[in-house]
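**Q** Let me begin by handing over the structure; questions about it come next.
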Amino acid sequence: MRRSRKTLTPLGPRDGRPASPEPPASGFLTIGGTTYVDPVGSYPLDHRIDGSATLIINDTDRPVTIVTERHRDHPPTAPPSRTAPPSPAVPPAPAGHASSAGHASLVLAPGERIETRRGDSVRISSPY
């Protein structure tokens, strides 16, 4: 029986860059009734048909952004209910976090939670 003396190396580029374009965040991201483990990238934000707020909990090691950019001709995911209270005013995002459509994006720091009726998706911030 022959034995190989070559050690196994991880698959990936040889120039030292990470194999994945972006490493996942460590922790949990909860959107409504769904919890994502070690999330990476963007996740859809589906609003409830009854118009009630969607709970977002950021238990990761990175900030997350609730993307509120929407084209004017694109209707909201779910129309607000007539019995639902009006959405609270959203404070403007810090400089550099406003979208190109003029809508403010909400940024949640690690450990924060929010209930919102706004937004199209939740994006995990890059560690770089």
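The values are calculated or read from the model by the stated rules, or taken from the named source; none is laboratory data. All values reported here derive from a predicted model rather than from experimental measurement. For neighbour counting, all protein chains shown are included, and Cβ atoms are generated from backbone atoms with ideal geometry for every residue, glycine included.
**Q** Restricting the first residue to the stretch 94-117 and requiring it to be farther than 16 Å from Thr30 by Cα, which pairs with a second residue that is exposed (fewer than 14 other Cβ atoms within 10 Å of the Cβ) and at pLDDT 50 or above meet a Cβ separation below 6 Å and a spacing of at least six or different chains?
**A** none
**Q** Filter the stretch 35-77 for residues that are aliphatic (A, V, I, L, M) and loosely packed, with under 15 Cβ neighbours inside 10 Å; which is modelled with the lowest pLDDT?
**A** Top of the filtered list is Ile49.
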